[in-house]
Each structure stands twice: as C-alpha cells, then as structure tokens.
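Q: Before anything else, here's the structure in question.
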Ligand SMILES: Nc1ncnc2c1ncn2[C@@H]1O[C@H](COP(=O)(O)OP(=O)(O)OP(=O)(O)O)[C@@H](O)[C@H]1O
Ligand SMILES: [Mg+2]
C-alpha cells in the first residue's frame, strides 16, 4: 500500500479555497453562523468570513499603507478601507455583520490595540475578539503548539505558541518591503517596478538570488529568538514566504524542519474569525 503524502489536508484545501474566494470574489454556500475577521496589515487589509464549522465562505482585500510597524498610521485610510471592503462583502453575502474578530501584532501596547479596535468599530462592526496574529495563523493551520514565523511586508514576527496562546513573540523590522528595496537597487528599478517584479512568478530567475540574503536575515532573527527553545517544527506564513527557496533558507539556519502551507499570504487572515480547536474543515 502506498500513501500519497502530497495530497493536501483539509486545512490546506481550506486555505487554498479562501485564497480563491478572495481573488475571485466568489461566495461559498454555507451552513450559517457566519463570523467575520479583519486583518490590518502593512501591505494588505484582508477581510475573511467563515461559517460555524470554520469553513471559508468569502473574503476580500485591498492593498493599503495604513499600518506601519504594527501601528495604525492613517486613521482615515484604515477606516475607509475596512468600510469599503465590508460594504462589498455584505452585499455579496446578503448578510450584515454586527461583530468582528480583529487581529493585532503580538506584544503591542494596550493603546495601540485600542486603535485597531476603534478603526473597526468606526467602520461598523463591534470588535468582539482581539486575536494575536500568530494565534490566528495557528488556528488556520490547526496547530496549538510550536513556532509560527510570519514574514509580511514590514516585519518578521517570530512567535512560540503553547496550548494555543503566545508564550514568546518578537517582531523585527525586516519584511517584503526590504526585499523590494534590494531588488530595486540590484536591477536599477523604481520601487513600484521592483515590487511588481518580486511578485511575478515568471520572473523568479532575477529575483530568488537577490532576495536570498534578506530571507537569510529574517531566518537569523528567528534563530536568535529560538535559541534554547524546544520547537520541533516551524511554520512559515506571510506573503514574503511565497518564494520557492524560503523554507530551505530558514531550515538551513534553524536546523529544524520548516513547513510552509499553500498560499501563505492568506493563512493569518483566514484564522482570525475561526474558533479554536474545531475539527479539520475538510
Ligand atoms: N507571490 C509573491 N511573491 C513574493 N512576495 C509576495 C507575493 N505575494 C505577496 N508578496 C509580498 O508579501 C508582502 C505582503 O504580505 P502580507 O500580506 O503577509 O503582509 P502584511 O500582513 O500586509 O504585512 P505585516 O505583517 O508586516 O504587517 C508584500 O511585501 C508583498 O510584496
Ligand atoms: Mg501580516
């Protein structure tokens, strides 16, 4: 008997389906009990909807620059982005949301958390749950213990979870933004041209070697955080882990297996409205 270890799990299928729902604007049939999640990131604001069984139902996103270093720097832009995404989502779903779960970078101060909450309530729904970003990622991945490394646009976040809670978390300012700067310098491009080149899967030849030292810098941040910490497996998420060589660069420095799920950009947003400890949503 052979086992197909490459077959995606229910979790992976849910993440892939959520990415598809965001990109196409489709809405999935659902069993009710809809929950809304909101992710205010440095590069993207993402909204996500799951049903009572934690199955992805709908999503939406917009590129934005309303958050920097885990702090809301553009109040009007942030509330406008959330309001616009919600209006679109609610009309596609034929459902109005009174409440939302909101993700925040782990370890930010109470005042900064309050600003995230205020952005959401100014856009409409009452924030009824504040979720640490790595906890959201872990929920989508179905893990409660271990390490989640989130490489987004602005920062590298390294978190160790125990029993579904953050035990240790460090966020440092190295992210996809820095890869874009390096790429722009290497190829004599504007920032916008370099950002487009970086995300174009057909142009990987001129990209992978150039961004590798930045990936390695991120891995070295994680290596410092994880020194002496017993985590057998590391989960890599966030848009900047999309490169084919990312798991290998991290594994070489961390001396541990590094797994990157399908569609790493959408893992944290999907997990925000999920309830913890549910069955595999296959
Ligand atoms: N296919 C891709 N290949 C390479 N990089 C990508 C790809 N798609 C997105 N990115 C990069 O991922 C980053 C955005 O990822 P993500 O949405 O996880 O960040 P964020 O949550 O907005 O930022 P942060 O977590 O730092 O606040 C950007 O730097 C973007 O250029
Ligand atoms: Mg993020």
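The values are calculated or read from the model by the stated rules, or taken from the named source; none is laboratory data. If you're wondering where the values come from, they're calculated on a predicted model, not measured in any experiment. A quick note on method: Cβ atoms are made from the backbone with ideal geometry, for glycine too, and the neighbour counts reach across all protein chains shown.
Q: Give, as residue ranges, the strands (runs of 3 or more DSSP E) completely inside region 58-161 that count at least 3 residues that are more than 28 Å from residue 180 (Cα to Cα).
A: In region 58-161, 99-104, 126-132 are the strands (runs of 3 or more DSSP E) which contain 3 or more residues that are more than 28 Å from residue 180 (Cα to Cα).
Q: Do we find that residue 45 is touching a residue at least 24 places away in the same chain (Cβ under 8 Å), more than 16 Å from ligand 2 (Cβ to nearest atom) and in contact with a strand residue (DSSP E or B) (Cβ under 6 Å, 6 or more places away or on another chain) in this structure? Reasoning before the result, please.
A: Working: touching a residue at least 24 places away in the same chain (Cβ under 8 Å): yes; more than 16 Å from ligand 2 (Cβ to nearest atom): no; in contact with a strand residue (DSSP E or B) (Cβ under 6 Å, 6 or more places away or on another chain): yes.
Against the criterion (touching a residue at least 24 places away in the same chain (Cβ under 8 Å), more than 16 Å from ligand 2 (Cβ to nearest atom) and in contact with a strand residue (DSSP E or B) (Cβ under 6 Å, 6 or more places away or on another chain)), residue 45 does not qualify.
Q: Which members of region 170-194 meet the condition of being in contact with a helix residue (DSSP H, G or I) (Cβ under 8 Å, 6 or more places away or on another chain) and away from ligand 2 (no atom under 16 Å from the Cβ)?
A: At the first step, the residues of region 170-194 found to be in contact with a helix residue (DSSP H, G or I) (Cβ under 8 Å, 6 or more places away or on another chain) are 170, 172, 174-176, 178-184, 186-187, 189-191, 193-194.
181, 182, 183, 184, 186, 187, 189, 190, 191, 193, 194, listed by residue number.
Q: With 50, 46, 73, 102 as the choices, which residue is surrounded by 15 or more Cβ atoms within 10 Å (Cβ to Cβ), within 21 Å of residue 133 (Cβ to Cβ) and within 13 Å of ligand 1 (Cβ to nearest atom)?
A: Working: 50 fails: within 13 Å of ligand 1 (Cβ to nearest atom); 73 fails: surrounded by 15 or more Cβ atoms within 10 Å (Cβ to Cβ); 102 fails: within 13 Å of ligand 1 (Cβ to nearest atom).
That would be 46, the only listed residue that is surrounded by 15 or more Cβ atoms within 10 Å (Cβ to Cβ), within 21 Å of residue 133 (Cβ to Cβ) and within 13 Å of ligand 1 (Cβ to nearest atom).
Q: I need a count of the residues in region 240-263 that are within 16 Å of ligand 2 (Cβ to nearest atom) and surrounded by fewer than 24 Cβ atoms within 10 Å (Cβ to Cβ).
A: Taking region 240-263 and keeping what is within 16 Å of ligand 2 (Cβ to nearest atom), we get 240-242, 246, 260-261, 263.
From what's left, surrounded by fewer than 24 Cβ atoms within 10 Å (Cβ to Cβ): 242, 260-261, 263.
Number of matching residues: 4.
Q: Only one residue in 152, 157 is out of contact with any strand residue (DSSP E or B) (no Cβ under 7 Å at 6 or more places or on another chain), within 13 Å of ligand 2 (Cβ to nearest atom) and within 20 Å of residue 109 (Cβ to Cβ), so which one is that?
A: 152
Q: For region 88-97, state whether one or more residues are modelled with pLDDT under 90, at negative phi, more than 16 Å from ligand 1 (Cβ to nearest atom) and touching a strand residue (DSSP E or B) at 6+ places or on another chain (Cβ under 9 Å).
A: No, the conditions are met nowhere in region 88-97.
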